[in-house]
Amino acid sequence: MSRCYDGLAMNSVMGLGRLASRMGHSALDMLFPPKCAGCGKEGSYLCDVCIAESPKAPDTAAEGLKSIIAPFQMVGAAREVVHCLKYNGLRVMAEPMGVAMAQHLKRHQVSPDIIVPVPLHRKRLRERGYNQAGLLAREVGKWLEVPVYHKGLVRTDYLGPQARTATREERQANVEGAFVAARDFSDLSVVVVDDVTTTGSTLEACATALRDAGASSVWGLTFARDV
């Protein structure tokens, strides 16, 4: 189990995201003081030390995207935080992750008109109960004061997790044509948000759909990058 909440049973961990929604963070923190996912220190879900010491990810160019921007590599504390949000149901992790992503985007002087999360297929959304990319997009938008179009893209194909696919070619084939725009994006600069990128194939597929809908420019933004 990750260090998000040491000593809690897994079924308790899985319920904390829903509990936070009902009680609010302050009440939840009184019952279960937040602990850094990286080092276990109490006080925050991702402490300043772990942020400072986490390996930084390189920005990369990608077809159809201005660039893919991510503050961290998918190792150490960053990996723990992603797993807490994505697999352990700890939606409260989206806030520190989203702030770090927004700050990183601002350092790159990217000022989008709109933020769009990478969507889940409706079947996967029912299985998981939430879209982690949507939670992150909400926090990024809140910090940057930029509108978020949560239903700007629709995923049309239900596929297995990309993490199980070995090669870039297979990943590209999996997501080719998998996204369609649900509205007009004419002349808008867009940032597409996800939790992790590996080859960039998912973000590129989203960018294709957005540009087909008129977007003038598209950036990819994730919390971590597999390098």
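The values are calculated or read from the model by the stated rules, or taken from the named source; none is laboratory data. For clarity, every value in this text was computed on a predicted model and none was experimentally measured. Neighbour counts are summed over all protein chains in view; Cβ atoms, including those assigned to glycine, are modelled from backbone coordinates with ideal geometry.
Of all the numbered requirements in (1) crowded, with 19+ Cβ neighbours inside 10 Å; (2) in a loop (DSSP other than H, G, I, E, B); (3) not β-branched (V, I, T), H150 misses one, and that requirement is (1).
Looking across the range 196-214, the residues that are outside any helix (DSSP H, G or I), under 30 Å from G76 (Cβ atoms) and in contact with a strand residue (DSSP E or B) (Cβ under 8 Å, 6 or more places away or on another chain) come down to V196, T197, T198, G200.
Just one of the listed residues (L125, L90) is crowded, with 23+ Cβ neighbours inside 10 Å, of a type in the set (A, V, I, L, M, F, W, C) and modelled with pLDDT under 95, namely L90.
Taking residues in the range 194-222 that are at positive phi and touching a residue at least 24 places away in the same chain (Cβ under 8 Å), and partners anywhere that are acidic (D, E) and not in a strand (DSSP E or B), the pairs with Cβ atoms closer than 7 Å and at least 6 places apart or on different chains are G214/D184; G214/D187.
Counting just the residues of the range 42-61 that are over 18 Å from the mean Cα position of the chain (by Cα) and either assigned to a helix (DSSP H, G or I) or surrounded by 15 or more Cβ atoms within 10 Å (Cβ to Cβ) (or both), which one comes out modelled with the lowest pLDDT? Top of the filtered list is S44.
Determine, yes or no, whether V81 is under 28 Å from Q172 (Cβ atoms), part of a helix (DSSP H, G or I) and at pLDDT 80 or above. Here the answer is yes, as V81 does meet what is asked. A single entry from L120, L85, L125, L136 fulfils the requirement of being within 14 Å of the chain's Cα centre (by Cα) and farther than 22 Å from Y45 by Cβ: L120.
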